[in-house]
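Please treat every number below as a calculation from the coordinates, not as lab data. This structure is a prediction, so every number in the text was calculated from the model and none was measured. All Cβ positions, glycine included, derive from the backbone under ideal geometry; neighbour counts span all protein chains shown.
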Amino acid sequence: MTTEGGAPLLTVESVYAGYVAGLDILQGVNLRLAAGELIAIIGPNGAGKSTLAKTIAGLLAPHMGKIIFQGKAIAGLKPSQIVSRGMCYVPQLANVFRSLTVEDNLEMGAFIRNVPLAGLKAHIYDTFPKLYERRHQRAGTLSGGERQMLAMGRAMMLEPQLLILDEPSAALSPILVDDIFTKIREINQRGIAIILVEQNARKALAMADRGYVLDAGCDRIEGSGPELLNNPQVGALYLGIQPS
């Protein structure tokens with residue numbers, strides 16, 4: 001699962017970044033992602049997971065390191081420039097326009113595209129039937145799970161090659177968490193690469209091709225999803241599994 005010529009879709013090399021000058025949260029993070037791959041980023045609170053997602057998406061500019069997307073450097077580009085290259089970021093909070101209808105939100109997702117939207121919307125409604133039922137409803141009246149689906153659907157209106165999901169299951173009931181993870185798997189099976197930042201580490205690793213464990217701003221452990229699930233160190237420190 002690589003881009004043409006065998007190069008990864010995304011490469012992060014020795015990236016340092018943070019919110020305050022001179023105080024880096026990311027301490028030389030490395031990551032690679034193949035086309036169509038799903039990777040999970042897990043770790044304790046404060047490890048830098050969301051900071052990494054925002055840095056890749058251009059919401060934070062690294063002061064050291066490289067971020068290469070589709071063979072081109074994107075570190076320092078504006079988020080809008082990165083979106084136009086085929087990457088979309090879905091934040092945990094404030095991820096829909098609450099005063100607009102579901103359909104209006106989807107159309108806003110395709111603001112940079114000069115193409116007919118009917119087919120794109122139909123594709124989203126096929127993926128998220130609940131959104132079709134609520135298409136004339138204001139987004140602010142949706143349930144938490146429905147808003148999360150709308151946020152993902154709006155990002156998919158751009159037909160991205162890479163979708164970055166930041167804590168998509170946060171504050172959802174167990175049933176809704178299962179629904180969200182099912183939809184994430186369906187999206188990935190259609191060929192869209194996904195970076196999944198998740199506190200629900202077990203579910204994330206169970207569906208991931210590979211995973212990264214972040215701790216104190218560093219990528220401490222890397223491996224396939226099953227390898228990390230069965231790694232005693234990962235289990236003890238991050239999954240709450242007591243060693244036998």
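Seen from ALA110, the other residues with C-beta closer than 12 Å to its C-beta sum to a net charge of -1, counting Lys and Arg as +1 and Asp and Glu as -1. In order along segment 192-208, the phi-based Karplus estimate (6.51 cos²θ - 1.76 cosθ + 1.60, θ = phi - 60°) of 3J(HN,Hα) comes to 8, 5, 9, 9, 10, 8, 8, 7, 7, 5, 4, 5, 5, 5, 5, 9, 7 Hz; Gly and Pro are listed as x. Counting charges near LEU38 (Lys, Arg +1; Asp, Glu -1) among other residues having Cβ under 13 Å from its Cβ returns a value of +1. Applying the criteria of a DSSP loop state and at most 10 other Cβ atoms within 10 Å to the trypsin sites (Lys or Arg not before Pro) of segment 1-101 yields no site.
Other residues with beta-carbon under 11 Å from the beta-carbon of SER14 carry, at +1 per Lys or Arg and -1 per Asp or Glu, a net charge of -1.
In a fully extended conformation the segment linking GLU107 and TYR132 would gain 7.7 nm over its present Cα-Cα distance, using 0.36 nm per residue.
Estimated from helices alone, the mean residue ellipticity of the chain at 222 nm is -10000 deg cm²/dmol (sum of -39500 (n - 2.57) over DSSP H runs with n ≥ 4, per residue). Sorted fewest first by neighbouring Cβ atoms within 10 angstrom, LEU33, LEU23 come out as LEU23, LEU33. Counting only chymotrypsin sites (Phe, Trp or Tyr not before Pro) that sit in a DSSP loop (anything but H, G, I, E, B) with at most 14 other Cβ atoms within 10 Å, what is the longest stretch of the chain containing none of them? Here the longest segment lacking exposed loop sites spans 112-244.
If the segment from ALA170 to THR182 were pulled out straight at 0.36 nm per residue, it would be longer than the present Cα-Cα gap by 2.8 nm.
The trypsin sites (Lys or Arg not before Pro) of segment 184-244 meeting both criteria, a DSSP state outside H, G, I, E and B (loop) and at most 15 other C-beta atoms within 10 angstrom of the site's C-beta, are ARG190.
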